[in-house]
Every structure is written in C-alpha cells, then in structure tokens.
1. Stokes-Einstein at 37 °C, 0.692 mPa s, Kirkwood radius from Cα pairs: D for the stretch 152-236 in µm² s⁻¹?
2. Give the value in nm², to one decimal: projected area of the alpha carbon convex hull of the stretch 209-315, averaged over all directions.
3. What value does the stretch 38-94 have for Rg/Rh, both radii from Cα atoms and Rh as Kirkwood defines it?
4. Expressed as a rounded percentage, what relative contact order does the chain have, with Cα pairs under 8 Å and six or more residues apart?
5. Dipole of the stretch 144-342, Cα-centred, from +1 at each Lys and Arg C-beta and -1 at each Asp and Glu C-beta, to the nearest 20 debye?
6. At a 1.4 Å probe radius, carbon and sulfur cover how many percent of the accessible area of the stretch 1-125?
7. Please state, rounded to one decimal and in Å, the Kirkwood hydrodynamic radius that the stretch 5-135 gives when every pair of distinct Cα atoms enters the mean of 1/r.
8. Which entries of LYS206/LYS230; LYS99/LYS212; LYS99/LYS181; LYS11/LYS212 have Cα-Cα distances beyond 28 Å here?
Amino acid sequence: MTDHIQFSPEKDALILLDQRILPGREEYFPCTNTQETIYALQTMVVRGAPAIGVTAAYGCYLASREVASASDWKAALEKLLVELEEARPTAVNLRWAVKLMRDAWKASPGLSLPELSAKWLAMAKDIHAQDIEINTAMGRFGADLIDDGDTVMTHCNAGALATAGYGTALGVIRGAWEQGKKISVIANETRPFLQGARLTAYELAKDGIPVKVACDNACALLMQRGMVQKVVVGADRIAANGDAANKIGTFGVAILAKHFGVPFYVAAPASTFDLACPSGADIPIEDRTPREVTHIGEHQITPQGVGVFNYAFDATPSELIAGIVTERGVIRAPYVENIARIIGGK
Ligand code: MRU
C-alpha cells in the first residue's frame, strides 16, 4: 500500500487517504496549503511518525507556494514553517523533515521563491521515496528476529499507513511473512483512536497476513496463556539512551512482556532518533482533546462534566527493549554507546 500519500502535479496538492474514517470508507483529503496540512496532521487524517515526516516535507513545499504576494516572503515562509513543525509535539520526524528543508534553504539563501519551491518539491519526493526503501531494509533486518510459527503482538499502527509504505513494525512482520514464515499477528485495539483495530487490522487483512484484534486490556491474559512469542512496535521518538516514545499503552505492554519473558522489539528509522533528548523523560508527550476519550463517534460514553486523561504517548525505558530495528541494523544494549555509534552523525 503506497497510494495513501500522493502528490498531484495537476492539482498542485498533497492527497492523503483519510485515516480517520478507515476501514469503513476510503476517501482522500486534499491539502493545498499550510493550514490544510496542519489540520490533516492534527486531526490525524495522516498519522504515524514517518508519514508525518513525509507530509511535513510536502507541507513545506505547499507553504512556499502561498507566500509569493507577501511583502517579505522569507519572513512569511519562516512563520509557516514554525507553525508546521509545531503541529504535533511527539513525533520527531515532523521537526526532522522541516529542518531538512530549512537547512537546504539556508545553504542556498540566494534562491528565488520559484527556485526554492522546485527544490523543496524534489526533496519532498525524495524523502517520500526513500522512506519506502528504509522500511524495506528495516523489514529485512527485523525479519530474522521472528521465528516460524510466532504470534507477534503489535500496538497502534506502525504499518504502511504510518509511513510512505511497508511500515516499520509491520515492515518487520511483512519481512518475516515474505521469508515464508507462518506467523500471525495480534493487533491491540489502541484506545482511544483505535489505530490497531481500524488500521493495523485493515492493512494486514488486505495483505492476507493472519491478524486478530485484542482489547488493550487483554494483553496480560494473552501473554500468560503463551499466546504471544514476540512484541514489535514502532516509535515516535527514541532518546539517546534508547528510551522509546510510542502510542500510549506501549509501556504497559513492555512491562508485561518483561514479566512473561516475551522479547519486546522497537522498529524505527534513523530519523526517529533524537540524540538531543538524553532520556524518555525529555520527550514531549502530546495531550490530545478529551473528546477522543469521552465519545465514541457522536455518542458520549462518560458522564457530562467528568474529566479524562488523553495523553497520546508514553516512553518505554530501554531496559525493557530487547533490540531496536533500524535500516542500519538491529541496535542492542548498551544503548547509549551503540546508538551514538550507529545513529550519531546521521
Ligand atoms: O498518534 P499516532 O497515530 O500518530 O501515533 C502513531 C504511533 O504511535 C506509531 O506507533 C509510531 O508513530 C510509529 S509509526 C511507524
């Protein structure tokens, strides 16, 4: 699946498969300017760290298309870039992509606006294409961690939909499947946005990879019964010490995996590492609208006036992580040294 993020030259627009309404409806959401791109990121038309990075790269191009009439187009453009990189706080790929674009601009300050737009569109297309290659490489490294007959648990959606294609955690699962291993997947439903139930189940079922959805709170029972041999999840930001922020609930899954002796792996590209963050405690955790918890669709499930928590991510300490699968190989403890060596200087 690669058509969920497309650039249309005819419409001069980024066209996104609307992940809010999957799997019921497959509809596309066009972004023609910065505000529409920010809206798509914040409401999770598009989500998942690498997909957010690809979207942000096209978003920079779209921003450059709307400042031509500004009296100071450079200042107007910089303002839009800042708004774009602040759209969501946790996935570092968003800032990573905007920084790449900004650095290219700073390296050639004499570019005219049309020249800069052309450069950024070419860069966005490169980031888009490279992400699929990166995920495929990650899938090859990670596949060797999975044994024939394994049932692999995953949390949230770290699949094709969360990337430009193939996926990170689901890339590892696809890699093992393509090696001919007879595996099956447990997709934790992932309250409240239901990325596991709606998106992971959707894309694995489409590919014919056996998948069952479990309530998030079934994890302990499934592991106690020996029904899970490996856990593989994605990440939104990995600190210099290997602590990995991912969808809320991942930390709990990792604690349970440790308790039951199930290897817990993280799969993420180099762009998801943030060596400026010493540990998971330094990673900003997104606090989303209460409505995602208080309502299912239009139906309110909590009493009027009762507050809720809707932290969207948690950080799993690296001592619970058996290995981090990247496009450069599998990183193992000691993480500080090995991350600095393998990812440092990316
Ligand atoms: O809030 P989301 O849906 O953007 O959160 C996504 C996740 O937590 C994914 O697991 C993570 O971004 C890795 S995607 C390859």
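The values are calculated or read from the model by the stated rules, or taken from the named source; none is laboratory data. Only a predicted model underlies this, so the values are computations on that prediction, with no experimental measurement involved. Methodologically, a virtual Cβ is constructed for each residue, glycine included, from the backbone with ideal geometry; neighbour enumeration extends over all protein chains shown. To get the accessible areas, we keep the full protein, side chains included, count just its heavy atoms, and leave off ligands, DNA and RNA. Shrake-Rupley method; radii C 1.70, N 1.55, O 1.52, S 1.80 Å.
1. Working: Rh = 12.6 Å.
Diffusion coefficient, whole number: 261 µm²/s.
2. Numbers: hull surface 36.1 nm².
Dividing the Cα hull surface by four gives the mean projection, 9.0 nm².
3. Working: Rg = 11.7 Å, Rh = 11.6 Å.
Taking Rg over the Kirkwood Rh, I get 1.01.
4. Values: 702 pairs, mean separation 53.1, N = 346.
Rounded, it is 15 percent for the chain.
5. On the way: 17 positive and 21 negative charges, 74 e Å.
Here the size comes out at about 360 debye.
6. Here it works out to 55 percent.
7. This gives a value of 14.7 Å.
8. Details: LYS206/LYS230 22 Å; LYS99/LYS212 39 Å; LYS99/LYS181 40 Å; LYS11/LYS212 39 Å.
Too far apart for the 28 Å limit: LYS99/LYS212; LYS99/LYS181; LYS11/LYS212.
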